[in-house]
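In what follows, a structure is listed as structure tokens, so that the remarks can point back to it.
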Amino acid sequence: MVYGIERMGLKEPSREIVNRNFRLFFEPFNTEKRFNEFNGLILFQGIFERYEYKYGLEGKYLNHSYDRNELDKRKKELDLLFGNNGFACFLLHRPFVDRYSISGHYTEDFSATDLCKCVLNFPDFYRKDIDGRVTKVHSLRDEFTRFLELYGAASSYFENYNKKIDMKKIAVVGGSVVGMALFDKEIFIPSLIPENNSDRIVEYFSLLSEALTSLFNKLRIEIPPWVSQFAFEQENDLNTKKETLLEEINLINDELGRYAQYKKVLVGSGESLVESVATLLRDGFSFKIESVDEFREDLKIIDDNNDPLIFVEIKGTNSGVKREYINQTDSHRERAGLDLNFPSLLVINTHIKNSRSIDEKDQPIPEDQIKHATKIGVLIIRTLDLLYLFRHMNNGRISQKEIMDLFSHKVGWFKVDRDQWEIVE
């Protein structure tokens, strides 16, 4: 089944697409046919949702909607298709919109509003957007070479830190995976949308289907169990070496995944930023953290007796440090029942949306805000400062105890860069 192409502004071709390996059936989005009535499924990313950016009195905003009933129904049909040893191919033609934020605060979660998103929602498996669509896509599978030469284009890439996911790479941009097969049944291909004329649509889906059927048949070739009874002498040594290397690779991937998690403090805001900062303080710096309740943007560093040592306010903003954030640290400290002299840290992720590099994100805190923080007993540290500080600690240039002493006794701005740190008052 080729499903719902009218949602992409395309028309069913005027002639049938069939050869010895496949026959394509074009069905509209609201078809009564079920996915599991076919051997395979082809559909474009995003056909279950609709969104566009508009401009209103308060500026640019996102207008988003999705067909939840149709999505839920098709999810069940997809499970049945997979249960029948079928496959699904998702054509990736645009960036993923998983969240939308206003003033740096995430207001809505769109990570499960399309079938393509739903099948990609695994723990420790990340989809990330590319700055601008890339048309130079390198095929790692001969089956897809011709299709990707004509129609390959990537808007997103994927990072997998989940050892339970069986991922086979199909296409890359640089070193990043942009096309793949998961569990030999969920296939993701980066693609342009073909021109809306019959000849181009026939060419597009013919090349794609040839590649898919060839790949699927190769993936599904099964070796009977009795074949393993024949063994070469070298196989045991090679399997042992393989297991050792895989264990080492898994440890490396776990470590890389841990550092990737820490760097989330540079992009998040609201609840997600609180979680990312808590992870860095707890798992990176090895501070003991009090659990956060009521979705407040604050937490505490505590001692072994669970007594508070440092009050931590966490903010995310598309601009720089503002006086109101410093004042909120003071008022929330009071709300937590702590006195005015209690050590307080404002961790702030600045310039979230308007930074395209580390250098652009590394904007200094205005002098008047530093003086105000000094006056009311608050120490400001940007999330970029916090990451640099962790790097210094990780390299043995500063100890956890020294950091705690600075958090406890200093106010102003804890300024940290690649080479050094200082307290600016």
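The values are calculated or read from the model by the stated rules, or taken from the named source; none is laboratory data. Here the structure is a predicted model, which is why all the values come from computation and not from measurement. Cβ placement follows ideal geometry from the backbone for every residue including glycine, while neighbour counts extend to all protein chains displayed.
Of these, 137, 178, which one is modelled with pLDDT of 95 or more, assigned by TED's automatic domain parsing to the domain that holds residue 94 and farther than 16 Å from residue 116 by Cα? I'd like the intermediate steps shown before the answer.
Values: 178 fails: farther than 16 Å from residue 116 by Cα.
None of the others qualify; the one that does is 137.
Among (1) surrounded by 20 or more Cβ atoms within 10 Å (Cβ to Cβ); (2) among the hydroxyl-bearing types (Ser, Thr, Tyr); (3) over 33 Å from the mean Cα position of the chain (by Cα), there is one condition residue 408 misses while meeting the rest; what is its number?
Against the list (1) surrounded by 20 or more Cβ atoms within 10 Å (Cβ to Cβ); (2) among the hydroxyl-bearing types (Ser, Thr, Tyr); (3) over 33 Å from the mean Cα position of the chain (by Cα), residue 408 comes up short only on (1).
Residue check, residue 198 against (1) surrounded by 10 or more Cβ atoms within 10 Å (Cβ to Cβ); (2) free of Cβ contacts under 8 Å to residues at least 24 places away in the same chain; (3) out of contact with any helix residue (DSSP H, G or I) (no Cβ under 8 Å at 6 or more places or on another chain), all met but one. Which one?
Status for residue 198: all satisfied but (2).
If we scan the range 160-167, do we find a residue that is assigned to a helix (DSSP H, G or I) and surrounded by 14 or more Cβ atoms within 10 Å (Cβ to Cβ)?
We begin by selecting, within the range 160-167, every residue assigned to a helix (DSSP H, G or I); these are none.
Scanning the range 160-167, I find no residue that is assigned to a helix (DSSP H, G or I) and surrounded by 14 or more Cβ atoms within 10 Å (Cβ to Cβ), so the answer is no.
Between a first residue in the range 322-345 that is not assigned by TED's automatic domain parsing to the domain that holds residue 301 and a second residue that is of a type in the set (Asp, Glu) and surrounded by fewer than 11 Cβ atoms within 10 Å (Cβ to Cβ), which pairs have beta carbons less than 9 Å apart while being 6 or more apart in sequence or on different chains?
Short answer, once both residue conditions are applied: none.
Listed here are the residues, each with its yes/no results for (1) touching a Leu at 6+ places or on another chain (Cβ under 6 Å); (2) of a type in the set (Asp, Glu); (3) under 24 Å from residue 367 (Cα atoms); (4) modelled with pLDDT of 90 or more.
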position: 244; (1), (2), (3), (4): no, no, no, yes
position: 257; (1), (2), (3), (4): no, no, no, no
position: 286; (1), (2), (3), (4): no, no, no, yes
position: 303; (1), (2), (3), (4): yes, yes, no, yes
position: 307; (1), (2), (3), (4): no, yes, no, yes
position: 320; (1), (2), (3), (4): no, no, yes, yes
position: 343; (1), (2), (3), (4): no, no, yes, yes
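For residue 1, are the conditions met, namely being among the hydrophobic types (A, V, I, L, M, F, W, C), surrounded by fewer than 20 Cβ atoms within 10 Å (Cβ to Cβ) and within 17 Å of residue 71 (Cα to Cα)?
Details: among the hydrophobic types (A, V, I, L, M, F, W, C): yes; surrounded by fewer than 20 Cβ atoms within 10 Å (Cβ to Cβ): no; within 17 Å of residue 71 (Cα to Cα): yes.
Criteria not met by residue 1.
What are the residues in the range 378-405 that are of a type in the set (Val, Ile, Thr) and either in contact (Cβ under 8 Å) with a residue 60 or more places away in the chain or crowded, with 19+ Cβ neighbours inside 10 Å (or both), if any?
So the first thing to find is which residues in the range 378-405 are of a type in the set (Val, Ile, Thr), and the list is 378, 380-381, 383, 398, 403.
378, 380, 381, 383, 403, listed by residue number.
Does residue 355 meet the test of being under 26 Å from residue 271 (Cα atoms), in contact with a strand residue (DSSP E or B) (Cβ under 9 Å, 6 or more places away or on another chain), of a type in the set (S, T, N, Q) and assigned by TED's automatic domain parsing to the domain that holds residue 319? Write out each step before concluding.
Values: under 26 Å from residue 271 (Cα atoms): yes; in contact with a strand residue (DSSP E or B) (Cβ under 9 Å, 6 or more places away or on another chain): no; of a type in the set (S, T, N, Q): yes; assigned by TED's automatic domain parsing to the domain that holds residue 319: yes.
Considered against the rule, which asks whether it is under 26 Å from residue 271 (Cα atoms), in contact with a strand residue (DSSP E or B) (Cβ under 9 Å, 6 or more places away or on another chain), of a type in the set (S, T, N, Q) and assigned by TED's automatic domain parsing to the domain that holds residue 319, residue 355 comes out as no.
Within the range 339-358, how many residues turn out to be in a loop (DSSP other than H, G, I, E, B), of a type in the set (A, V, I, L, M) and under 18 Å from residue 374 (Cβ atoms)?
First, the residues of the range 339-358 that are in a loop (DSSP other than H, G, I, E, B): 339-343, 350-357.
Filter again for of a type in the set (A, V, I, L, M), leaving 340, 352.
Okay, now just the ones that are also under 18 Å from residue 374 (Cβ atoms), so 340.
The number of residues fulfilling the criteria is 1.
Of the conditions (1) assigned to a strand (DSSP E or B); (2) more than 26 Å from residue 332 (Cβ to Cβ); (3) of a type outside the set (A, V, I, L, M, F, W, C), residue 415 fails just one. Which one is it?
Going through the list (1) assigned to a strand (DSSP E or B); (2) more than 26 Å from residue 332 (Cβ to Cβ); (3) of a type outside the set (A, V, I, L, M, F, W, C), residue 415 breaks only (2).
Kindly indicate whether any position in the range 297-314 is in the same structural domain as residue 385 (by TED's automatic domain parsing), among the β-branched types (Val, Ile, Thr) and part of a loop (DSSP other than H, G, I, E, B). If you could, list the steps in order and put the result at the bottom.
Going through the range 297-314, the residues in the same structural domain as residue 385 (by TED's automatic domain parsing) turn out to be 297-314.
Filter once more, so that each one left must be among the β-branched types (Val, Ile, Thr): 301-302, 310, 312, 314.
Then drop every residue that is not part of a loop (DSSP other than H, G, I, E, B), which leaves none.
No, because not a single residue in the range 297-314 is in the same structural domain as residue 385 (by TED's automatic domain parsing), among the β-branched types (Val, Ile, Thr) and part of a loop (DSSP other than H, G, I, E, B).
Search the range 356-377 for residues that are of a type in the set (Lys, Arg) and pair each with any residue that is part of a loop (DSSP other than H, G, I, E, B) and surrounded by 14 or more Cβ atoms within 10 Å (Cβ to Cβ) when their beta-carbon atoms are under 6 Å apart and the residues are at least 6 apart or on different chains.
361/351; 361/355
Being farther than 25 Å from residue 214 by Cα, surrounded by fewer than 19 Cβ atoms within 10 Å (Cβ to Cβ), assigned by TED's automatic domain parsing to the domain that holds residue 112 and touching a Phe, Trp or Tyr at 6+ places or on another chain (Cβ under 7 Å) narrows it down to one residue among 6, 12, 49; which is it?
On the way: 12 fails: farther than 25 Å from residue 214 by Cα; 49 fails: surrounded by fewer than 19 Cβ atoms within 10 Å (Cβ to Cβ).
Residue meeting the stated conditions: 6.
On the given criteria, is residue 100 part of a strand (DSSP E or B) and either of a type outside the set (Phe, Trp, Tyr) or surrounded by fewer than 17 Cβ atoms within 10 Å (Cβ to Cβ) (or both)? Even if it seems obvious, please write down each step before you answer.
Working: part of a strand (DSSP E or B): yes; either of a type outside the set (Phe, Trp, Tyr) or surrounded by fewer than 17 Cβ atoms within 10 Å (Cβ to Cβ) (or both): yes.
In short, yes.
Would you be able to tell me the number of residues in the range 131-148 that are surrounded by fewer than 17 Cβ atoms within 10 Å (Cβ to Cβ) and either touching a helix residue (DSSP H, G or I) at 6+ places or on another chain (Cβ under 9 Å) or over 18 Å from residue 90 (Cα atoms) (or both)?
Residues flagged as surrounded by fewer than 17 Cβ atoms within 10 Å (Cβ to Cβ) and either touching a helix residue (DSSP H, G or I) at 6+ places or on another chain (Cβ under 9 Å) or over 18 Å from residue 90 (Cα atoms) (or both) within the range 131-148 amount to 7.
Every residue, every condition in (1) farther than 17 Å from residue 188 by Cα; (2) among the aromatic types (Phe, Trp, Tyr); (3) part of a loop (DSSP other than H, G, I, E, B), yes or no:
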| site | (1), (2), (3) |
| --- | --- |
| 6 | yes, no, no |
| 11 | yes, no, yes |
| 14 | yes, no, yes |
| 21 | yes, no, yes |
| 29 | yes, yes, yes |
| 32 | yes, no, yes |
| 36 | yes, no, no |
| 43 | no, no, no |
| 51 | yes, yes, no |
